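Here the structure is laid out as structure tokens; the discussion comes afterwards.
The values are calculated or read from the model by the stated rules, or taken from the named source; none is laboratory data. Note that the structure is a prediction, hence the values are computed from the model and not measured. Neighbour counts are summed over all protein chains in view; Cβ atoms, including those assigned to glycine, are modelled from backbone coordinates with ideal geometry.
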Amino acid sequence: MKTNPALKLLKTSTLVPFVIAIAAALLPRPVSAQAANNQLVITEDSSTSLSATYNGSAVSVTFSPITPAFPERWIVTLPVNVSYQSPGEFAWTEPENSSNSNVLAPSPTFGNQFFVTSDGIPPGPPVTPVGDETGVFIGTPVGSTVPIIATFDDDGDVATVPDTGSTLGLLVLALAGLFGARRIRSFRAA
């Protein structure tokens with residue numbers, strides 16, 4: 001019985017395991033370790049939809065517009081009181097219009113609440129808006145020294161193409177398949 005040269009190449013080639021290892025390394029993996037900081041993630045999905053998580057758990061968000069001055073405004077309630085970092089207001093640049101900002105401002109009444117205003121005028125100095133999805137130290141939980149890092153993700157104003165994170169891995173697999181098919185064809189031609 002004669003052995004097919006293409007199968008022999010695939011069995012002896014060191015390239016195939018190498019390509020598979022690269023593809024596996026590029027596929028997304030769940031994060032299992034707890035971050036050293038407290039994480040506050042605020043996500044705006046539209047002009048009337050905002051969600052927030054604190055260390056991965058959903059927190060209370062109430063749509064609370066003050067028309068017409070602040071039509072996109074929410075009250076976010078955390079499970080802990082916060083000792084806020086000066087100056088007390090924090091801002092992220094609007095992705096669609098860099099002259100506007102998404103602003104987080106502590107509630108003057110409740111230590112575990114803050115206001116989020118979207119598409120607003122950025123606060124003046126000393127607050128300088130940072131880029132969308134940039135982590136900002138906003139303070140610490142009362143009685144703790146572990147920082148709270150807040151991130152604002154404005155998905156409501158940006159047209160994006162969904163990406164599951166495995167696109168590069170799929171590209172590597174496709175290229176490996178093309179390379180393998182080309183090698184098989186070259187063996188048949190020989």
Worksheet item: Picking from ALA6, ALA23, ALA35, which residue would you name as being modelled with pLDDT under 90, more than 15 Å from ASN112 (Cα to Cα) and touching a Leu at 6+ places or on another chain (Cβ under 6 Å)?
Response: ALA23
Worksheet entry | Selection count where residues are in contact with a Ser or Thr (Cβ under 8 Å, 6 or more places away or on another chain) and under 22 Å from TYR54 (Cβ atoms), scope the range 86-100 | 2
Worksheet entry | Residues satisfying the stated conditions in the range 133-157, i.e. touching a Pro at 6+ places or on another chain (Cβ under 8 Å), more than 18 Å from THR117 (Cβ to Cβ) and not β-branched (Val, Ile, Thr) | PHE137, GLY139
Practice prompt. Consider ASN97 carefully, then state whether it is surrounded by 11 or more Cβ atoms within 10 Å (Cβ to Cβ) and either at negative phi or at pLDDT 90 or above (or both).
Written response: no
Discussion item. From the list TYR84, TYR54, exactly one residue is within 21 Å of the chain's Cα centre (by Cα) and under 26 Å from ASN37 (Cβ atoms). Which is it?
Written reply: TYR54
Worksheet item: Would you pick out the residues in the range 38-64 that are more than 15 Å from PHE152 (Cβ to Cβ) and either touching an Asp or Glu at 6+ places or on another chain (Cβ under 7 Å) or in a strand (DSSP E or B) (or both)?
Response: ASN38, SER57, ALA58, SER60, THR62, PHE63
Worksheet item: Looking at (1) in a loop (DSSP other than H, G, I, E, B); (2) at pLDDT 85 or above; (3) farther than 17 Å from PHE137 by Cβ, which is the only condition VAL80 fails?
Response: (3)
